[in-house]
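So the structure is just underneath, and the comments pick up after that.
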Amino acid sequence: MCLIAFHWQPETGSLQVWANRDEFHARPAQATAFWPEAPGVLAGKDLLRGGSWMGVTRNGRFAALTNYRDPRAVPGERSRGELISGFLTSSDSAASYAERVQSDLDGYGGFSLLVCDGHALWLAGTHEEAASAVPAGWHGLSNARLDTPWPKLTRLVALARQLADSDDAGRQLDILCDDEVPDETMLPDTGVGQLWERLLAPICIRSPAYGTRNSTWLRITPDSVRWEERLHPGEERLSFSWSRQS
């Protein structure tokens, strides 16, 4: 993923996520589905390097990854997407998995990784000093460190907060399709140049070669999991829901 807003409630193990995956349109990927080789895992698949960008299991384990934007960085030899599949197919606690990832970052391009086992939500990444538990409440993650206040991230978190109690999947997905471009003076300077900063500035990125490929709203409660997704540019919808298994 490249943009995630989320609300974490550790007292109940509830997690609500709004996320956009931004990628080159030509990069091959398999649509979100339960994996034949791991029937308890629901996620898309990157067919170029393997792994995924975000997924959930039938018992409510969750993982998501964003790239860290640094134009000076050398592309990694190891697949970051395999960090998602590695957690979703394991029984490791979020803490132990995040700490293991943090101790072995060599060969990866820049990333931030969120993993949740239903009891704790942890963050690890190439630009973190140490893996750490994410505190309760509202947070946002894009192509920088957690809660870095880029305009599109603060806007998405604000819009999500207004719909936190809504079951209307259409409205939830609509906020992920917001393409408002912030004022030029509000754009971050991440080293990619003003034209790219402007292209990447909206919640939903639209361009012929690169942009938002899919938008996902996910709600995990103590009793159930619900995944709603909109594919771009055709606007096809995918819906999955089930009672949560222990």
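The numbers here are math on the coordinates, done by the rules we state, and not lab data. Fair warning: this is a prediction, and the values are worked out from it, not measured in the lab. Positions of Cβ are backbone-derived with ideal geometry, glycine not excepted, and every protein chain shown enters the neighbour counts.
Scan the stretch 62-87 residue by residue and report those that are free of Cβ contacts under 8 Å to residues at least 60 places away in the same chain and in a loop (DSSP other than H, G, I, E, B).
Selection gives 73, 74, 75, 76, 77, 78, 79, 80, 81.
Residue-wise test of (1) closer than 23 Å to residue 196 by Cα; (2) part of a strand (DSSP E or B); (3) in contact with a helix residue (DSSP H, G or I) (Cβ under 6 Å, 6 or more places away or on another chain).
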residue	(1), (2), (3)
26	yes, no, no
32	no, yes, no
49	no, no, no
106	no, no, no
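For residues that are under 12 Å from residue 20 (Cβ atoms), touching a Ser or Thr at 6+ places or on another chain (Cβ under 9 Å) and not aliphatic (A, V, I, L, M), scanning just the stretch 149-178, find the one that is surrounded by the most Cβ atoms within 10 Å (Cβ to Cβ).
Looking at the filtered set, the residue picked out is 152.
Going through 96, 85, 112, 90 one at a time, which residue ends up being of a type in the set (Ser, Thr, Tyr) and under 19 Å from residue 150 (Cβ atoms)? Walk me through it before giving the result.
Working: 96 fails: under 19 Å from residue 150 (Cβ atoms); 85 fails: under 19 Å from residue 150 (Cβ atoms); 90 fails: under 19 Å from residue 150 (Cβ atoms).
When all the criteria are applied, what remains is 112.
Any idea which of 227, 217, 196 is in contact with an Asp or Glu (Cβ under 8 Å, 6 or more places away or on another chain), surrounded by 11 or more Cβ atoms within 10 Å (Cβ to Cβ) and outside any loop (DSSP other than H, G, I, E, B)?
On the way: 227 fails: in contact with an Asp or Glu (Cβ under 8 Å, 6 or more places away or on another chain); 196 fails: in contact with an Asp or Glu (Cβ under 8 Å, 6 or more places away or on another chain).
Testing whether each residue is in contact with an Asp or Glu (Cβ under 8 Å, 6 or more places away or on another chain), surrounded by 11 or more Cβ atoms within 10 Å (Cβ to Cβ) and outside any loop (DSSP other than H, G, I, E, B) leaves just 217.
Select from the stretch 170-192 the residues that are touching a Pro at 6+ places or on another chain (Cβ under 8 Å) and within 20 Å of residue 219 (Cβ to Cβ) and list them in ascending order.
Within the stretch 170-192, 178 is the sole residue that qualifies.
May I ask you to verify whether residue 154 is over 23 Å from residue 12 (Cα atoms), hydroxyl-bearing (Ser, Thr, Tyr), outside any loop (DSSP other than H, G, I, E, B) and free of Cβ contacts under 8 Å to residues at least 12 places away in the same chain? Before you say what the answer is, go through the steps one by one.
Details: over 23 Å from residue 12 (Cα atoms): yes; hydroxyl-bearing (Ser, Thr, Tyr): yes; outside any loop (DSSP other than H, G, I, E, B): yes; free of Cβ contacts under 8 Å to residues at least 12 places away in the same chain: no.
Spelling it out, it is not the case that residue 154 is over 23 Å from residue 12 (Cα atoms), hydroxyl-bearing (Ser, Thr, Tyr), outside any loop (DSSP other than H, G, I, E, B) and free of Cβ contacts under 8 Å to residues at least 12 places away in the same chain.
Please work out if residue 44 is in contact with a Ser or Thr (Cβ under 8 Å, 6 or more places away or on another chain) and within 14 Å of residue 117 (Cβ to Cβ).
Values: in contact with a Ser or Thr (Cβ under 8 Å, 6 or more places away or on another chain): yes; within 14 Å of residue 117 (Cβ to Cβ): no.
Against the criterion (in contact with a Ser or Thr (Cβ under 8 Å, 6 or more places away or on another chain) and within 14 Å of residue 117 (Cβ to Cβ)), residue 44 does not qualify.
Mind counting the residues in the stretch 133-160 that are of a type in the set (S, T, N, Q) and in contact with a strand residue (DSSP E or B) (Cβ under 6 Å, 6 or more places away or on another chain)? Talk me through it step by step, then tell me what you get.
Our first condition is that a residue be of a type in the set (S, T, N, Q); within the stretch 133-160, this holds for 142-143, 148, 154.
This time we only want the ones that are in contact with a strand residue (DSSP E or B) (Cβ under 6 Å, 6 or more places away or on another chain), so: 142-143.
The qualifying residues number 2.
Starting from the stretch 41-57, keep only residues that are farther than 16 Å from residue 108 by Cα, then list their pairs with residues that are of a type in the set (Ser, Thr, Tyr) whose Cβ atoms are within a distance under 6 Å, requiring at least 6 positions of separation or different chains.
Hits for this filter: 41/57; 43/52; 44/32; 44/52; 45/52.
Inside the stretch 14-31, can you point out the residues that are of a type outside the set (Phe, Trp, Tyr), within 29 Å of residue 223 (Cβ to Cβ) and in contact with a Ser or Thr (Cβ under 8 Å, 6 or more places away or on another chain)?
14, 17, 19, 20, 21
Suppose we filter 72, 61, 80 for residues that are on the phi < 0 side of the Ramachandran plot and surrounded by fewer than 19 Cβ atoms within 10 Å (Cβ to Cβ); which single one remains? Give the derivation first.
Numbers: 61 fails: surrounded by fewer than 19 Cβ atoms within 10 Å (Cβ to Cβ); 80 fails: surrounded by fewer than 19 Cβ atoms within 10 Å (Cβ to Cβ).
Only one candidate passes the filter, namely 72.
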